[in-house]
1. What is the calculated FRET efficiency for Asp273 to Glu184, with r their C-beta to C-beta distance and R₀ = 30 Å, to the nearest 0.05?
2. Which value results when the Cα radius of gyration for the range 143-234 is divided by 2.2 N^0.38 Å?
3. Simple spin-label model, 7 Å along Cα-to-Cβ: Ala82 to Asp153 in nm?
4. In Å, what Kirkwood hydrodynamic radius results for the range 506-566 from the alpha-carbon pair distances?
5. At q = 0.10, 0.12, 0.19 Å⁻¹, what is the base-10 log of I(q)/I(0) for the range 1-116 according to the Debye formula with one equal point scatterer per Cα and no solvent? Please give it to two decimals.
6. At q = 0.10 Å⁻¹, work out log10 I(q)/I(0) for the range 41-199 with the Debye formula, treating every Cα as an identical point scatterer and leaving solvent out; two decimals please.
7. In µm²/s, what is D for the range 491-537 at 20 °C and 1.002 mPa s, where D = kT/(6 pi eta Rh) by Stokes-Einstein and Rh is the Kirkwood radius from Cα pairs?
8. Accessible area per residue, 1.4 Å probe, Å², for the range 573-632: what's the number?
Amino acid sequence: MSDVRYPFTAVVGMTDLRLGLLLNAVSPAVGGVLVRGEKGTAKSTMVRALAGLLPSIATVDDCRFSCDPAAPDPQCPDGPHASSGSSERPSQLVELPVGVAEDRIVGSLDLERALAEGVKAYEPGLLAKAHRGVLYIDEVNLLQDHVVDLLLDAAAMGRSYVEREGVSVRHAARFLLVGTMNPEEGELRPQLLDRFGLTVEIAATRDPAERAEVVRRRLAYDADPAGFAARFAGEERALAERITAARELLPKVELTDVALRQITAVCAAFEVDGLRADIVMARTAVALAAWDGRTEVLEEDVRKAAQLALPHRRRRNPFDAPGLDEEQLDRTLEEHAQPEDSPEDSPGTDGDGDGDDPDGDGPGPGDGGPGPDGGGAPEPESGPQAPEAAASDAAAPDLPEQQPVPAQHPAPARESAPVAAGDPYRTRLFAVRGTGHGAQGRRSPAETDSGYTVRARRPQGALSRLHLTATLQAAAPHQVARGRAGAALVLRKDDFREQVRKGRESNLVLFVVDASGSMAARQRMTAVKGAVLSLLMDAYQRRDKIGMITFRGAGAELALPPTSSVEVGAARLESLPTGGRTPLAAGLLRAHEVLRIERLRDPARRPLVVVVTDGRATGGRDALAQSRRAAGLFAAQGVASVVLDCESGPVRLGLARTLAGHLGGTAVTLDELRAEGVASLVRDSRDNRATTMRKAA
């Protein structure tokens with residue numbers, strides 16, 4: 001790979017991404033930018049190219065924390081710097097790997113030397129290296145939540161803290177934060193989204209001419225990186241000079257009262273939480289004015305700032321896509337475009353202050369009124385299902401269950417159109433029994449890096465979580481034999497103990513959904529989809545991976561391979577058709593195979609299987625017996641499972657509960673999914689099964 005970076009100005013299109021990055025280069029106080037987009041859209045290329053445009057920085061010689069010689073950090077671990085020399089170097093781009101550990105980010109403190117020798121032996125991390133430069137996080141949505149929290153806290157405060165058993169080190173950490181992500185691979189929590197100043201949605205161009213130019217430039221760069229970069233050297237130099245000029249102009253830009261009122265009015269109109277959006281919009285609008293060489297913020301700056309700073313703050317649940325209503329934005333800006341004491345601000349006036357309609361009649365069609373040709377009243381937004389359609393759906397009778405088709409005369413299954421899911425609701429917790437060691441989350445008990453301390457043990461690798469009491473207890477009996485003479489303890493490597501903490505882990509929640517004709521009654525399927533949607537939201541909140549298998553007709557289909565993107569799962573559920581026979585055994589066998597493969601990929605992540613069915617099995621000889629034998633495979637391996645019993649009507653066969661017994665899990669009805677006793681039902685069922693197995697042994 002060539003050391004010559006692809007030129008920033010050579011990237012085709014990507015106007016919003018280009019602007020978002022440049023605004024952060026002008027004013028890092030904007031708070032960074034999150035780049036959301038599909039794979040292969042030059043996200044990483046543009047971020048890496050940006051670092052080459054940033055001005056060089058002056059640093060104190062021999063300072064590992066890049067202190068500015070004009071204003072050195074008084075708390076710098078390498079300080080004081082009163083008599084140190086200085087030199088200039090380019091701004092650094094620091095890339096954060098996906099699997100990075102917390103100690104690598106904030107730095108590591110040698111606790112053994114700190115306790116035994118009383119010295120702070122500190123090795124700086126990536127945050128120290130990124131100070132006064134760019135910190136780039138590729139696939140930020142795949143990082144652990146506590147790691148993202150740590151990064152965003154440092155970016156917001158401009159300082160990194162390392163705390164280990166009362167020994168602390170702190171240093172400056174101000175950087176331009178850029179994160180990229182592909183939403184198909186999972187979403188960030190709304191709280192973390194809000195911490196990014198700006199967000200930009202990008203997608204590959206569909207224009208053949210632009211795509212051809214992208215390919216042409218990339219091939220030219222691969223053939224001769226230095227020559228290709230030389231072609232754009234002039235544009236790169238001009239852009240770098242413009243960034244420097246905008247930085248110098250930034251303190252002189254005036255945020256007028258009108259612009260500030262527009263900013264706060266827009267944030268209030270879009271009902272964003274908190275005041276961070278107002279502050280970010282103000283900083284972004286000021287940076288936009290400086291970038292355009294102006295000293296006053298205009299309405300166009302406020303509009304663009306809103307388009308960059310608000311879309312990701314408008315989300316109300318995990319399944320909402322980021323977005324902004326442009327008409328509402330323009331309307332709000334127009335309403336607050338005049339000073340507060342201006343007569344034009346008074347309602348019911350025509351600008352002359354008399355409040356009369358010059359023609360003596362009110363607004364009508366063509367005058368912006370609510371008539372058929374007027375534009376004054378916006379048309380109501382159309383949701384996934386109009387009220388009339390919802391009413392007709394509610395009144396529609398249940399469709400009769402389809403009869404099995406004889407094997408010797410196979411016919412295609414009748415397929416019902418997908419129906420909308422019911423409203424999601426909060427479900428009870430379903431957890432995997434035992435204590436796991438998987439990725440941190442909020443579902444099942446596990447040994448994790450965070451949580452409460454349950455015991456101490458000898459360190460496994462580098463000591464990071466010192467158990468002080470256990471360490472002192474291990475060292476105390478040997479102090480006389482070691483010749484202790486002063487107040488300091490005589491510690492050896494074998495004395496140190498680390499904490500074992502118990503928290504919660506995330507799991508793989510695999511949905512096995514019956515989409516056969518027996519589930520095709522419109523009212524029933526709406527309720528079932530609403531229940532699954534609720535469980536999907538619960539999986540999102542608990543940081544789980546999810547997968548979805550559907551079975552109907554002739555077999556089972558892996559509708560959604562295990563992923564962290566709950567949004568994709570919700571979309572697949574919404575478009576799920578129904579109809580045909582009920583190959584329950586095929587669905588269970590497909591789920592068993594998926595778990596086998598996932599166990600090889602991620603052995604520490606424990607599965608939870610959620611079977612959504614009424615328990616019927618049709619199609620093929622001994623279909624019911626085959627499904628029960630398939631369920632026995634899960635019971636033999638101790639896989640945690642829950643059956644969501646979708647059977648309805650006055651006469652119930654109880655097939656779902658029988659299936660749950662063969663799975664070694666429990667059955668829960670749609671009504672019980674909301675009930676307070678669901679968690680206790682699951683635990684009691686598993687405890688009873690464990691007791692039965694012990695007695696049998």
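1. Details: r = 26 Å, r/R0 = 0.87.
With R0 = 30 Å, the Cβ-Cβ based efficiency is 0.70.
2. Details: Rg = 20.1 Å, N = 92, 2.2 N^0.38 = 12.3 Å.
Rg over 2.2 N^0.38 Å, computed on Cα atoms: 1.64.
3. Computed distance between label sites Ala82 and Asp153 equals 3.4 nm.
4. Numbers: mean 1/r = 0.0818 Å⁻¹.
Taking every pair of different Cα atoms in the range 506-566, averaging 1/r and inverting gives 12.2 Å.
5. Debye intensities relative to I(0), on a log10 scale: -0.46, -0.65, -1.19.
6. Each listed q corresponds, in turn, to -0.40.
7. On the way: Rh = 15.1 Å.
D, rounded to a whole number, is 142 µm²/s.
8. Details: 2560 Å² over 60 residues.
Normalised by residue count, the accessible surface of the range 573-632 is 43 Å².
The values are calculated or read from the model by the stated rules, or taken from the named source; none is laboratory data. Bear in mind that the values here come from a model prediction, so they are computed numbers and not experimental data. With ideal geometry, Cβ positions are generated from the backbone for all residues, glycine too; neighbour counts draw on all protein chains shown. These accessible areas exclude ligands, DNA and RNA; they are computed on the full protein's heavy atoms, side chains included. Shrake-Rupley method; radii C 1.70, N 1.55, O 1.52, S 1.80 Å.
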